[in-house]
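J.: What follows is a single structure, and I will ask about it in a moment.
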Amino acid sequence: MKRNILLLTFFISGLLSAQEVSFDAKVSKKQLGINERLRVDFTMNTDGDNFEPPSFENFTVVGGPSQSINNSWINGVRSFSKSYSYFLAPKKRGEFTIGQATIEIDGKTYKTLPVKITVTAAIDKPKDPNDPNYIASEKIHLVAEISNGNPYLNEAITVVYKLYVAQNTGVRNWREIDSPRYNDFWSQNIDVKGIDIKQGTYNGEDYRYVVLRKTVLYPQKTGKLTIEPLSLDITVEVPSNRRDVFGRSFMSTVNRTVASRNRVINVKPLPENGKPENFSGAVGSFDFKVTTNKESLKATEALELKVSVSGKGNLKLFRLPKPTLPSALEVYEPEHSEKVNTRTSGMQGTISDSYTVVPNFQGSYPIPKVSFSYFDLKTKQYKTLTSERLIIEVNEGPQSAGSTNNTPGVLTENIIPANLNSFSSFKTSTKFQPIISEPFFNSNLFWFLLLGPFLLIPFIMFVVKRRTTRALDVTGNKIRKTNRLARKYLSNAKKSLGQKEQFYNALERALHNYLKSKLRLETSEFNKEKIEELLGNKNINSATLEGFISLLTSCELARYTPLSTVDMQNDYKKAAGVINDLDKQLN
């Protein structure tokens, strides 16, 4: 009897231990150098669902997740294990914690324990000439080349990212894992069309290289600024010490993380000596013109006054000067135009403000000279360009009540001649009619109020049914909600005209939420390259696509550029038009 009880006890304890669930996190090492990699395995002894890894916020995931399952029977006892494996590269030195992973097993949620990891400075790895990882580290180099390490404020510099590959090494593919953020720069990426393999040298040795990215930067702060590195995950093929029957080396494939070094530039401030009062931040080499499309016209006719700057420099990062016109001329807000191309040498092209001017009376109206100042990078001095004095002749039309006011001013006013019959259109007599009261009973209003509720019953039933159907349409409700949000932000942008930061923040949110509703994407997936790719796949015409991208660029430029209310009004009108065009093409 005692023997049977003992056997039963062992059987129950074995059964309970077999049913016990374990879910653990195991690491390859708890201390590593910043140039080493860490392997993390999340292992369970019972199959589960909805696995959620930790964030790995202080590490870069360079491999994984890879899944492995081990299921075996030994002496009639089943053994099961399942693992999710990750390969991590630390981002910086310090003590970090790998958070908890979660899994659902039989309706219950299990969590791993946090694991502390210490990352030290880079360590010297054994230089094993037969180690594929060591060979790859010696044969692959990512370099950021800078055109000028000591520029002036708002002077263009170019960063070219080149990947150097040794002659006996192959690259299968690469993937960006960390893109640089140019927080203290105005930046513009230059399209690199195709992969052009060129021959060059690195550290005195012959290498092949490809240009991966070109970026033009305009520094917006003085002092030492850091250009962040570009990081890539690359699949590399390197020769091994094994050979085939013909004596050729077998190739080994390894994954390698490479990054360009941080580059520090020293940005010089523009000199204070000789700086003109009207200097607005223009740096480069420019031409300046003030022109009109008419020299003479009639009163109430319109002419176009155009202020333009052309040349090479930071064309999008300064404001054009405003002309001062006689107060007897009506001057409307200007229309801003930009025809600018960004190349590796910087921006080139023309920007202009076009004013519509309408004279009300006869006379001769002078347009005073307009001055524009910029810092010339060739001579390292400020230059001031001045337009010629123009005369507008108004030959036909009414004459003003007094002498024509040709004194320059910044405001315009309409001069209305005195007229004794100015108020002749106002009526001074009335024709009142008596109100004839009718009995309410049996009137049209009586029957309408009596029968109206019964007639509304079918309409109410229709509305209720439609609202019920609409409430069940989860996807449609989400799209309609996002559309309303986009209209709300566009409305907020209109209300914020004149307040640069609030206006462009609201405008950018409106554009993102509109695309979010149309393409059913999360806002976190948005960047200009992604938007161009998605809208291109939707066969959006190039003019509409360029308009949308230019609006996003305007929102980015608002942080660095002094913009006027006119610029904001133009961007608001452009946003309404672009959204309208996109809506027609995406439906």
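J.: Just one of the numbered conditions (1) closer than 13 Å to Ser352 by Cα; (2) modelled with pLDDT of 95 or more; (3) under 30 Å from the mean Cα position of the chain (by Cα); (4) not aromatic (Phe, Trp, Tyr) is not true of Val307; which one?
T.: With respect to (1) closer than 13 Å to Ser352 by Cα; (2) modelled with pLDDT of 95 or more; (3) under 30 Å from the mean Cα position of the chain (by Cα); (4) not aromatic (Phe, Trp, Tyr), Val307 is out only on (3).
J.: Which of the following residues is modelled with pLDDT under 85 and of a type in the set (A, V, I, L, M): Ile123, Ile98, Ile157, Ile140?
T.: Answer to the selection: Ile123.
J.: Take segment 69-88 and flag every residue that is at pLDDT 85 or above and either among the small types (Gly, Ala, Ser) or not in a strand (DSSP E or B) (or both).
T.: Ser83, Ser85
J.: When residues of segment 217-240 are filtered for being assigned to a loop (DSSP other than H, G, I, E, B) and either under 20 Å from Ile177 (Cα atoms) or charged (D, E, K, R) (or both), how many remain?
T.: Summing the residues that are assigned to a loop (DSSP other than H, G, I, E, B) and either under 20 Å from Ile177 (Cα atoms) or charged (D, E, K, R) (or both) in segment 217-240 gives 4.
J.: Same structure, new question: Among all residue pairs at least 6 apart or on different chains, which show Cβ distances below 7 Å where the first residue, located in segment 44-63, is in the same structural domain as Tyr84 (by TED's automatic domain parsing) and the second is among the hydroxyl-bearing types (Ser, Thr, Tyr) and outside any strand (DSSP E or B)?
T.: Note: pairs meeting the criteria are Met44/Ser22; Asn45/Ser22.
J.: Follow-up question, since we're still on this one. Pairs only if they're at least six apart or on different chains, beta carbon under 7 angstrom, first in segment 134-159 and in the same structural domain as Val238 (by TED's automatic domain parsing), second aliphatic (A, V, I, L, M) and assigned to a helix (DSSP H, G or I); list them, first residue then second.
T.: Every condition considered, the pairs that remain are Asn154/Leu317.
Condition check ((1) in contact (Cβ under 8 Å) with a residue 40 or more places away in the chain; (2) in the same structural domain as Gly397 (by TED's automatic domain parsing)) across all residues:
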position: Lys275; (1), (2): yes, no
position: Phe288; (1), (2): yes, yes
position: Asn293; (1), (2): no, yes
position: Ser296; (1), (2): yes, yes
position: Glu304; (1), (2): yes, yes
position: Lys312; (1), (2): no, yes
position: Lys316; (1), (2): yes, yes
position: Leu325; (1), (2): yes, yes
position: Leu329; (1), (2): yes, yes
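J.: Taking the condition of being under 16 Å from Thr112 (Cβ atoms), surrounded by 15 or more Cβ atoms within 10 Å (Cβ to Cβ) and under 36 Å from the mean Cα position of the chain (by Cα), how many residues in segment 43-58 meet it?
T.: Qualifying residue count for the region: 4.
J.: I'd like to check which helices (runs of 4 or more DSSP H) are fully inside segment 471-587 and have at least 2 residues that are more than 24 Å from Asp191 (Cβ to Cβ) and either assigned by TED's automatic domain parsing to the domain that holds Phe318 or modelled with pLDDT under 75 (or both). Give the steps one after another, and end with the answer.
T.: Values: elements: 474-495, 500-519, 528-537, 542-557, 565-586.
Fully inside segment 471-587 and qualifying: 474-495, 500-519, 565-586.
J.: Which condition number in (1) part of a strand (DSSP E or B); (2) touching a residue at least 12 places away in the same chain (Cβ under 8 Å) is the one that Lys369 fails?
T.: Failed condition: (1).
J.: Check off (1) among the β-branched types (Val, Ile, Thr); (2) under 30 Å from Asn395 (Cα atoms); (3) surrounded by fewer than 16 Cβ atoms within 10 Å (Cβ to Cβ) for Thr344 and give me the number that stays unchecked.
T.: With (1) among the β-branched types (Val, Ile, Thr); (2) under 30 Å from Asn395 (Cα atoms); (3) surrounded by fewer than 16 Cβ atoms within 10 Å (Cβ to Cβ) applied to Thr344, the lone miss is (2).
J.: Count, please, the residues in segment 262-281 that happen to be part of a loop (DSSP other than H, G, I, E, B) and in contact with a strand residue (DSSP E or B) (Cβ under 7 Å, 6 or more places away or on another chain).
T.: So the count comes out to 7.
J.: Output the residues belonging to segment 355-373 that are of a type in the set (Ser, Thr, Tyr) and within 20 Å of Val394 (Cβ to Cβ). Give the derivation first.
T.: Kept after step one, since they are of a type in the set (Ser, Thr, Tyr), are these residues of segment 355-373: 355-356, 364-365, 371, 373.
Correct list: Tyr355, Thr356, Ser364, Tyr365.
J.: Given the residues Glu295, Glu277, which is the only one that is at pLDDT below 90 and either of a type in the set (A, V, I, L, M, F, W, C) or over 34 Å from the mean Cα position of the chain (by Cα) (or both)?
T.: On inspection, the qualifying residue turns out to be Glu295.
The values are calculated or read from the model by the stated rules, or taken from the named source; none is laboratory data. A quick note: this is a predicted structure, and the numbers were derived from the prediction, not measured. Note that we place each Cβ from the backbone using ideal geometry, even for glycine, and neighbour counts take in every protein chain shown.
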